[in-house]
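Visitor: Take this structure first; my questions come after.
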Amino acid sequence: NTDVKTIGEWREKLRKEMVEELDQKAAQNLKKDAISGVAKFSMVRRFPDKLVEDTKKDLDEYLYKPFAESMNITLEELKEQYGLTDEVITENAKNTVMMRMIVIGIAKKEKIKVTAEEFAEEKKNMIGEGKAFADEKAFDEAKADDTVIDNILQKKVSDFIVENADIK
């Protein structure tokens, strides 16, 4: 059953659906690339050493280690196979720190805040079977509050950039 009666109507309906889908994908990509676009025109003179070191540890713990475990190899084997030298990991950490600094800077300047409701909703979406945390206890043990806030801020700042950018 369909609401079209002719091949012409069907083609027009299909064309509209395809255009809508492409528009949605373009908007998602724009939001995804918004902060990276700002980063291209940003310069950080000096990265806080402690923040870079903490980020390197977080990359090991929450990105590289789980990836290695999923491949049934050690963290050291993963680093060797993927060329993750200390220099590469430091550069990855600096990029992560820079993105976070940009997000926080824009959020402060534009008074973009995370509400308690947004926090509770995002936290709920991260807990459960097949999600980032199995249960509330695992979430609390990971001290993931900052991660939740960062995720929400990143989304809100990306939306802000897209809505206010003069894109040519």
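Visitor: For region 23-75, what are the residues that are in contact with a helix residue (DSSP H, G or I) (Cβ under 7 Å, 6 or more places away or on another chain), within 13 Å of residue 97 (Cα to Cα) and not hydroxyl-bearing (Ser, Thr, Tyr)?
Guide: Residues satisfying the conditions are 35, 39, 44, 47, 51, 52, 56, 59.
Yes/no matrix, rows are residues, columns are (1) surrounded by 16 or more Cβ atoms within 10 Å (Cβ to Cβ); (2) modelled with pLDDT of 90 or more; (3) of a type in the set (A, V, I, L, M, F, W, C):
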site	(1), (2), (3)
61	no, no, no
74	no, yes, no
81	no, yes, no
85	no, yes, no
119	no, yes, yes
140	no, no, no
152	yes, yes, yes
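Visitor: Of all residues in region 7-52, count the ones that are in a helix (DSSP H, G or I), in contact (Cβ under 8 Å) with a residue 24 or more places away in the chain and farther than 15 Å from residue 158 by Cβ. Steps first, answer last, please.
Guide: Filtering region 7-52 down to residues in a helix (DSSP H, G or I) leaves 7-40, 49-52.
From what is left, the residues that are in contact (Cβ under 8 Å) with a residue 24 or more places away in the chain are 27, 30-32, 34-39, 51-52.
Still in the running and farther than 15 Å from residue 158 by Cβ: 51-52.
Final tally of qualifying residues: 2.
Visitor: Right, something else. Is at least one residue of region 138-159 in contact (Cβ under 8 Å) with a residue 60 or more places away in the chain and of a type in the set (A, V, I, L, M)?
Guide: Checking region 138-159: at least one residue is in contact (Cβ under 8 Å) with a residue 60 or more places away in the chain and of a type in the set (A, V, I, L, M).
Visitor: Would you tally the residues in region 134-168 being assigned to a helix (DSSP H, G or I) and closer than 22 Å to residue 103 by Cα?
Guide: Here is the first cut: in region 134-168, the ones assigned to a helix (DSSP H, G or I) are 136-141, 145-164.
Within this subset, residues satisfying the condition of being closer than 22 Å to residue 103 by Cα are 145-164.
Selection size over region 134-168: 20.
The values are calculated or read from the model by the stated rules, or taken from the named source; none is laboratory data. This one's a predicted model, so the numbers in the text were calculated from it and none came from an experiment. Cβ coordinates were reconstructed from backbone atoms using ideal geometry, including for glycine residues, and neighbour counts include every protein chain displayed.
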